[in-house]
Every structure is written in structure tokens, then in C-alpha cells.
Amino acid sequence: MPIFSAAELTEIGTRIYDAAGSPHAESRIVSEILVGFSLVGHDSHGVLRFPQYVKDIQNGELIPGAPFEIVRE
């Protein structure tokens, strides 16, 4: 089984989401968060989600770069 560093996984995730149409900065943030979850032992919310999120993008369930507005803090 291959072994990847956190930096390598973050880069892989970023490239995957970039290829799926996500803005680069957003791809990086999502990848860093997912790698972080895996590092603290929450694999079900970590890099395991890479393919699921791509599928959700392809199905239109996730819209990369969608604008948002904070209405209350």
C-alpha cells in the first residue's frame, strides 16, 4: 500500500478538485480540511471523501465557487 505525506495528499486533493472545476483556492482549502480530519482519526470525514465530493460536483449537488452570504454570526 502506498504511503503519502499530508502535503502530498493535500496536493493530490487540490488537483482532483481543480480538475472537477473547483476554484484553486477552494480546492486547496477543502483538501487541507479533509486531510486534517484524516490526520486526527476521523477518516469517515477525511480523504475518503475525495471521490464522493467529485461525484457530488458531477451530479450538480455541490457547486464549486458558489457565492454565499453570511446573514448572521
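How large is the charge dipole for the chain, taken about the Cα centre, if only the Cβ atoms of Lys, Arg (+1) and Asp, Glu (-1) carry charge, to the nearest 20 debye? Spell out each step's value before the answer.
Values: 5 positive and 10 negative charges, 21 e Å.
My answer is approximately 100 debye.
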Using C-alpha positions alone, give me the convex hull volume of segment 15-73 per residue in cubic angstrom. 104 Å³
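Please report, as a whole percent, how much of the solvent-accessible surface of the chain comes from carbon and sulfur atoms (probe radius 1.4 Å). Walk me through the intermediate numbers first.
Working: 3320 of 5460 Å².
Carbon plus sulfur share of accessible area: 61 percent.
Per DSSP H run of n ≥ 4, the term is -39500 (n - 2.57); total these for the chain, divide by its residue number, and report the mean residue ellipticity at 222 nm rounded to 500 deg cm²/dmol.
Numbers: 3 runs with 39 residues, N = 73.
Result for the chain: -17000 deg cm²/dmol, rounded to the nearest 500.
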Using +1 at the Cβ of each Lys and Arg and -1 at the Cβ of each Asp and Glu in the chain, identify which of L34, G65, M1 lies farthest towards the dipole's positive end. M1
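How much area per residue is accessible in the chain when the probe is 1.4 Å and only protein heavy atoms are counted (Å²)? Present the calculation step by step, with values, prior to reporting the outcome.
Working: 5460 Å² over 73 residues.
Value returned for the chain: 75 Å² of accessible area per residue.
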Extending each Cα 7 Å along its Cβ direction at H42 and E69, get the distance between those two points in nm, one decimal. 2.9 nm
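The values are calculated or read from the model by the stated rules, or taken from the named source; none is laboratory data. Note that the structure is predicted; figures quoted are calculated from it, not measured. Here Cβ is always computed from backbone atoms with ideal geometry, including for glycine, and neighbour counts include all displayed protein chains. Accessible surface is based on the protein model in full, side chains and every heavy atom, while ligands, DNA and RNA are left aside. Shrake-Rupley method; radii C 1.70, N 1.55, O 1.52, S 1.80 Å.
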